[in-house]
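Enquirer: Please see the structure below; I have some questions.
Derivation of every value follows stated rules applied to the coordinates shown; laboratory data play no part. Nothing here was measured: the structure is a model prediction, and the numbers come from that model. All Cβ positions, even for glycine, are placed from backbone atoms using ideal geometry, and neighbour counts span all protein chains on display.
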Amino acid sequence: MDSSFAAACGAVVGARHVLTAAEDRAPYEVDFWGQHRGQAALVVCPGTTDEVAAIVALAAEHRVPLVPQAGNTGLVAGGIPDDSGGEVVLSLRRLDRVRSIDPAGDYLIAEAGCILETLQETAAGTDRMFPLSLGAEGSCRIGGNIATNAGGNDALRYGMTRDLVLGLEVVLADGSVLDLLRPLRKDNTGYDLKQLFIGSEGTLGIVTAAALRLVAMPRERVTIWLSIGSLDDAVELFRHFRGAFGDLITSFEVVSSAGVELAVEHLPGLRRPVSEPHPWHLLIEVAWSFQSGLRERVEAELEQAFSAGRCRDGALAENEAQRRAMWRIREGQSEAATQVGDVVRSDVAVAIADIPQLVARVDARLATLSADARLLPFGHVGDGNLHMNFAVPKDSPSATNQALLDGLFEEVDRLGGSISAEHGVGRLKREAIAARKPSAALALMQRLKAALDPDCILNPGVVLKPPTEASPPSD
């Protein structure tokens, strides 16, 4: 890369915010779990939207490919550079201001580098809640959440990130700024352009700020841990709870016994909420804005569920510490699994009624693919989104790991599901998605990319193949 580009970037953001040394670039070149690495020419860290726009304009002038990166907690290698050494990471971490908050209007405006947990705390300070919640919320940043259309634990009630975005500020591939930041609930003036950029993983434009929807702060929340015998019981209990509580259910999560036992064995300070192991466990949360009365209603419904034989054991969180411990078990099983091997991760969705069939089919195939792999399914029963992870030995061959994913994807296809529910496409699922997308949909995606980024400088190779590799769209 021409050294003049680095010098020009330094003139925009300051030389100390242009990282060229290998040790300084290293944290931006590897994914969160350390499984995928690239090599960047340099890392540029702008601090304002104007600086982002100036860097993108320079990249367009010099034909330099940019990889936008926020918190770098993604799971599909969409926010790290390839191994060519020719891409530049554009880090948005310095864009970390909450520009404004309006609790009466139920919105805040935040820059892309704001940590999700910071936005949650800022909203709580005005007696409002920003209802996006995920395991990485202490380190992921809202720009990345928007770029990947993150789902999270409360998507059942509040929707995915797409449902929480009122407006966006986006830097386009030529360096111009598209201001769609109005926090309006209703704006029926033509194409809803902001939706193009939500979930596009930085391939169509770079989100620099967002107007985000807030909701009423729950006054009473009940967190329930239930032990059950089968996934059929999980589906039936969801139907039962949905009928009783409707949209008051914020989360309805399932975790296998293997995942629970890994977490309580290898993560410090955790204990199983029930006395004995059981095949499956549910973590359910119900919340409303009244001060009291919900727990009594929950206990009445649980009494019916136990009387009907749908549950084997259970516990209610008595305080916030117990609630957090329950969620730590649910969210920490992948971390625990890495202490005894590696984890092959995936994220799929099927119809809720098909969840038991999916897990049974994948489990049946497992023995034919790897004698040493274990299936660790967990996730969101309420919207059919499961994280179908495999615990494998440290030396498990990459071909075997890929075969596990291929087998999973085949079963998802047979059930008419999606092989990416909330993690995105990135580089890891690009080929698998391309093989499954209807040709008309894939051609339209390629046309959108060509129209908004004709020189392919924004995250090339993510979501779609670069133009040199892709087949031209048919007319």
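Enquirer: Please find the FRET efficiency linking residue 7 to residue 176, where r is the Cβ-Cβ separation and R0 is fixed at 25 Å, and quote it to the nearest 0.05.
Expert: 0.60
Enquirer: Viscosity 1.306 mPa s, temperature 10 °C: Stokes-Einstein D of region 39-125 from its Kirkwood Cα radius, in µm² per second? Each step should come with its number before you reach the end.
Expert: Numbers: Rh = 14.4 Å.
After rounding, the answer is 110 µm²/s.
Enquirer: Given the -39500 (n - 2.57) contribution per DSSP H run of 4+ residues, what per-residue ellipticity at 222 nm results for the chain, rounded to the nearest 500 deg cm²/dmol?
Expert: -10500 deg cm²/dmol
Enquirer: Hey, if you drop one equal point scatterer on each alpha-carbon of the chain and run the Debye formula without solvent, what base-10 log of I(q)/I(0) do you get at q = 0.09, 0.10 Å⁻¹?
Expert: -0.63, -0.78
Enquirer: Let me ask you something else. Would you tally the net charge around residue 425, using a Cβ to Cβ cut-off of less than 12 Å, leaving residue 425 out, and scoring K and R as +1, D and E as -1? Before the final figure, lay out each step's value.
Expert: Details: positive: 427, 429, 430, 436, 437, 465; negative: 201, 347, 422, 431.
Local net charge: +2.
Enquirer: Relative to the first principal axis of the alpha-carbon coordinates of the chain, what is the inclination of helix 355-369, with its axis defined by its Cα atoms, in degrees from 0 to 90 and to the nearest 10?
Expert: That works out to roughly 70 degrees.
Enquirer: Same structure again: Below 10 angstrom from the Cβ of residue 463, what's the summed charge of the other residues (Lys, Arg +1; Asp, Glu -1)?
Expert: Values: positive: 427, 429, 430, 449, 465; negative: 201.
Residues near residue 463 contribute +4 overall.
Enquirer: Relative to the longest principal axis of the C-alpha atoms of the chain, give the angle of the C-alpha long axis of helix 294-307, reported between 0 and 90° and rounded to the nearest 10°.
Expert: With rounding to tens, the tilt is 60 degrees.
Enquirer: In square nanometres and to one decimal, what's the mean projected area of the convex hull around the Cα atoms of region 342-414?
Expert: Approximately 4.2 nm², given one-decimal rounding.
Enquirer: Using 0.36 nm per residue of separation minus the Cα-Cα distance, give me the extension gain between residue 257 and residue 414 in nm, one decimal.
Expert: That pair, residue 257 and residue 414, stretches by 53.9 nm at full extension.
Enquirer: Find, to one decimal place in angstroms, the Kirkwood hydrodynamic radius of region 3-91, where the mean of 1/r is taken over every pair of different Cα atoms and then inverted.
Expert: Evaluated on region 3-91, it is 12.9 Å.
Enquirer: Tell me, what is the FRET efficiency for residue 295 and residue 371 to the nearest 0.05, using R0 = 51 angstrom and their Cβ-Cβ distance as r?
Expert: E between residue 295 and residue 371, to the nearest 0.05, is 0.65.
Enquirer: Further, regarding this structure: Using the per-residue mean of other Cβ atoms lying within 10 Å as a proxy for protection, in what order, highest first, do the peptides 440-448, 112-120, 340-348, 146-154 fall? Each step should come with its number before you reach the end.
Expert: On the way: 440-448: 14.6, 112-120: 22.4, 340-348: 20.1, 146-154: 25.7.
So the order, starting with the most tightly packed, is 146-154, 112-120, 340-348, 440-448.
Enquirer: Something else: What is the helix-to-structure angle for 257-266, meaning the angle in degrees between its Cα long axis and the longest Cα principal axis of the chain, kept from 0 to 90 and rounded to the nearest 10?
Expert: The answer is roughly 70 degrees.
Enquirer: Next up: Residue 62 label point, 7 Å along Cα→Cβ, cut-off 15 Å on backbone N: hits in region 1-27?
Expert: 1-21
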